[in-house]
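Everything below concerns the one structure shown next.
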Amino acid sequence: PAPTGLHVPIPVASVMASIGPRLWCGNVRSPYNAASTSDVWFSSLDTPFRFKQILEFTNGVPDIKGPATVTLQGEVVQAITPIAGGAVGSEGCYIFTDQNIYQAGGSDSFQLMRPGRKAGFGTNSPNSIAIYAGLIVFMDSERQVRFRDASMTPISRDRVEDKLLAIPAAYIGNTCSGIWRDKYYLAYTPSGGTTNTELLVYDIRRGIWY
């Protein structure tokens with residue numbers, strides 16, 4: 001169907017992710033309120049360039065394929081990732097903020113706009129997030145490396161956390177990662193440094209750090 005007068009094109013945002021048939025945008029600069037930048041918007045189903053701030057209802061029935069908005073008041077969205085191991089074409093995602101992790105799931109827009117909080121910590125290092133064999137590996141806002149699984153037990157505690165805690169606060173956002181041959185590589189800025197010159201490696205199969 002043709003868009004209504006309330007539809008807008010892809011908004012200005014600092015975080016974007018294409019997940020299944022929708023486009024997700026975080027820290028959106030609202031066309032209705034330039035001072036508002038904390039919302040997450042997702043597009044219409046199969047129309048990733050069509051957005052609207054409010055989910056449309058017709059005779060009390062929500063448009064389950066329509067665009068809508070998630071409000072995370074006072075939080076900064078750092079990353080939006082697919083749900084690792086989810087079905088191909090799934091609309092669900094994880095939303096990482098600087099304070100929490102949320103899961104937006106379900107099969108329609110009305111469910112997606114009501115994400116549940118999955119953890120009381122987020123991340124300040126969005127480029128530390130990597131996906132491996134149905135798991136998400138990341139460094140959280142407490143500077144612990146974790147698997148985003150059912151337990152989310154930190155794999156860095158009492159092992160390499162002294163190095164992570166020493167990263168200068170101004171460069172914590174520069175931390176970045178990748179996975180290659182069952183190993184998680186985490187590049188970081190050491191104490192006193194100004195760029196990523198050190199590397200930690202976690203062997204996922206053997207459960208040890210190098």
Along the dipole axis of the chain (charges at Cβ: +1 for Lys and Arg, -1 for Asp and Glu; origin at the Cα centre), the most positive-end residue among PHE138, PHE96, TYR185 is TYR185
In nm, the gap between the two label points placed 7 Å beyond Cα toward Cβ at THR4 and LYS65 is 1.6
Of the residues SER38, THR197, ALA170, the Cα lying farthest along the dipole of the chain towards its positive end, which is defined by charges on the beta carbon of Lys, Arg, Asp and Glu, belongs to THR197
Expected max-MSF residue from SER107, SER125, SER43 in the GNM of the chain (alpha carbon, under 10 Å) is SER107
Note to self: with every protein chain in place and a 1.4 Å probe, the chain gives an accessible area per residue in Å² of 49
Per the 1/(1 + (r/R0)^6) rule, R0 = 35 Å and r from the Cβ atoms of ARG29 and SER107, FRET efficiency to 0.05 is 0.75
Averaging 1/r across every pair of distinct alpha carbons in the range 94-210 and inverting yields a Kirkwood hydrodynamic radius, in angstrom, of 14.8
Dividing the helical contributions, -39500 (n - 2.57) per DSSP H run of n ≥ 4, by the residues of the chain yields a 222 nm value, nearest 500 deg cm²/dmol, of -500 deg cm²/dmol
A 1.4 Å probe over the protein heavy atoms gives the range 131-210 a carbon and sulfur accessible-area percentage of 50
Mean Cβ-within-10 Å packing, highest first, puts peptides 189-202, 171-184, 67-80 in the order 67-80, 171-184, 189-202
The extension gain from ASP162 to THR58, computed as 0.36 nm times the residue separation minus the Cα-Cα distance, is 31.9 nm
Here the FRET efficiency for ASP203 versus TYR171, based on Cβ atoms and R0 = 35 Å and rounded to 0.05, is 0.85
With +1 at each Lys and Arg Cβ and -1 at each Asp and Glu Cβ, the charge dipole magnitude of the range 63-210 around its Cα centre, to the nearest 20 debye, comes out at 280
Checked the range 42-160 with the C-alpha gyration tensor, a ≥ b ≥ c its square-rooted eigenvalues, rounded below a/c of 1.5, otherwise prolate if a/b is larger than b/c and oblate if not; verdict prolate
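The values are calculated or read from the model by the stated rules, or taken from the named source; none is laboratory data. Remember, it's a predicted structure, so these values are computed and weren't measured experimentally. Heads up, the Cβs are rebuilt from the backbone with ideal geometry, glycines too, and the neighbour counts pull from every protein chain shown. Quick note on the areas: whole protein, heavy atoms, side chains included, nothing else; ligands and nucleic acids left out. Shrake-Rupley method; radii C 1.70, N 1.55, O 1.52, S 1.80 Å.
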